[in-house]
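Trainee: Right, I'll just put the structure down here and ask away after.
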Amino acid sequence: MLIFRDTSRVQNHLHNLKNIGKTIGFVPTMGSLHDGHISLVKQSLIQTDITVVSIFINPTQFNNIDDLKTYPSDIDKDLKLLSSISDKIIVFNPDPDELYSGGIRLEDFNFNGLDKYMEGEFRKHHFSGVATVVNKLFSFIEADFAYFGEKDFQQLRIIENLIKEKKFKIKLIRCETIRSKDGLALSSRNNKLDFSSKKIATNLFKALNFAKEKIDEISIDEIEQKIWDNLSNFKQIKLEYFVIADEQNLKPIKTIKSSKNRAFIAAYVSGVRLIDNIKLY
Ligand code: PAF
């Protein structure tokens, strides 16, 4: 498996592959790979000739220095895992100085309002950080397809918007959220939870399913109230938001119920911030 740490080298290598007609899939990650990432990689392996996996903990998307410092990382394990899957994978694992050669700073983007709510409201500059790094990666990884998980649905919409604004010739492929048997959405942050906190964390998925069950029976206000009441019974859970929103423009909705609605949740479970969402219809 080829591993690149240098931007110009990976760029040249991929350019040569494109010139001989190879298609390229791209899976951007921050490492600490789990089955959710692997499902993206496998989808890319099915659809393209070469799959590039970037592993880079992007400092600009963390709004909390402790969160950045404690973000799980195990590069040796990640590389071993990827090399066991296919020899058609190329890894790009740069140093911060390589990607941010002009200094670690945020760029400005027009998100057309997609960053106003939910993660955008609670994690200041998070999406500018995500877009800054993805914009850099997309500009020299000449991918045909990029694979993003629906677990980070707001991020996925922000990247779809970025592709359109910057006219990248990359097609974003939406991939469904991968869950453990009890419903917990897979996330690198789950590594920070002990066994009992993981069990408690399944209540977030239960809350989303409650909304799905009740959406045609009671009002959105009532659904929200019941979810706040129920989750407040768990001392380990600190709910940050529960929102039903339009999946295109991500605006929270209170009345119009349609097939375009999704329920979104973010909460601290035993001090670890988790997010999840599901389609309601
Ligand atoms: O979803 C993630 O892991 C990150 O936000 C991404 C897209 C790799 C950008 O750093």
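Where a number appears in this text, it was derived from the coordinates with a stated rule and is not lab data. Computed from a predicted structure; not experimentally measured. Glycine also receives a Cβ, built like all others from the backbone with ideal geometry; neighbour counts cover every protein chain displayed.
Trainee: So what is the diffusion coefficient of the chain in µm² per second by Stokes-Einstein at 37 °C and 0.692 mPa s, using a Kirkwood Rh over Cα pairs?
Mentor: 166
Trainee: For K238, list the lysines whose Cα falls under 21 Å from its own Cα; do not include residues on the same chain fewer than 8 positions away.
Mentor: K124, K151, K192, K198, K199, K206, K226
Trainee: Compute the whole-percent fraction of alpha carbon pairs in the stretch 58-119 spaced more than 18 Å apart. Let's see the in-between values first.
Mentor: Values: 1136 of 1891 pairs.
Of all Cα-Cα pairs in the stretch 58-119, 60 percent lie more than 18 Å apart.
Trainee: Using 0.36 nm times the number of residues separating E222 and S86, minus their current alpha carbon distance, what extension gain do you get? Let's see the in-between values first.
Mentor: On the way: separation 136, 0.36 × 136 = 48.96 nm, distance 4.88 nm.
The E222-S86 span can extend by a further 44.1 nm.
Trainee: To continue, here is another question. Scan around F26 for amide H atoms under 5 Å from its own, H built in the peptide plane at 1.01 Å from N, and keep only partners 5 or more places away or cross-chain.
Mentor: Here the answer is V52, F145, A146, Y147, since their amide H atoms fall under 5 Å of that of F26.
Trainee: Continuing with this model, one more query. On full extension of the chain, what length is gained from S259 through I75, given 0.36 nm per residue of separation minus the C-alpha to C-alpha distance?
Mentor: Residue separation times 0.36 nm, minus the Cα-Cα distance, leaves 62.2 nm.
Trainee: For N112 and D194 in the same chain, what is the full-extension length gain: residue separation times 0.36 nm, less their Cα-Cα distance, in nm?
Mentor: 25.6 nm
Trainee: Exposed loop sites here are GluC sites (Glu not before Pro) in DSSP loop states with at most 15 other C-beta atoms within 10 Å. What is the longest stretch of the chain lacking them?
Mentor: Details: sites that count: E107, E176, E217.
The answer is 1-106.
Trainee: Continuing with this model, one more query. Report the charge-dipole magnitude of the chain in Debye, nearest 20, computed about the Cα centre from +1 at each Lys and Arg Cβ and -1 at each Asp and Glu Cβ.
Mentor: For this selection, approximately 300 debye.
Trainee: Separate question: How big is the stretch 1-62 in terms of Cα radius of gyration and Dmax, in angstroms?
Mentor: Final numbers for Rg and Dmax: 12.7, 39 Å.
Trainee: In what order do D67, D97, D78 fall by count of nearby beta-carbon atoms within 10 Å, going from fewest to most? Mind dumping the intermediate values first?
Mentor: Working: D67 14, D97 9, D78 19.
Starting with the residue having the fewest Cβ neighbours, the order is D97, D67, D78.
Trainee: A further question on this structure: Report the trypsin sites (Lys or Arg not before Pro) located in the stretch 1-95 that are in a DSSP loop and have at most 12 other Cβ atoms inside 10 Å of their Cβ, or state none.
Mentor: In loop regions of the stretch 1-95 (DSSP not H, G, I, E or B), the sparsely surrounded trypsin sites (Lys or Arg not before Pro) are R5.
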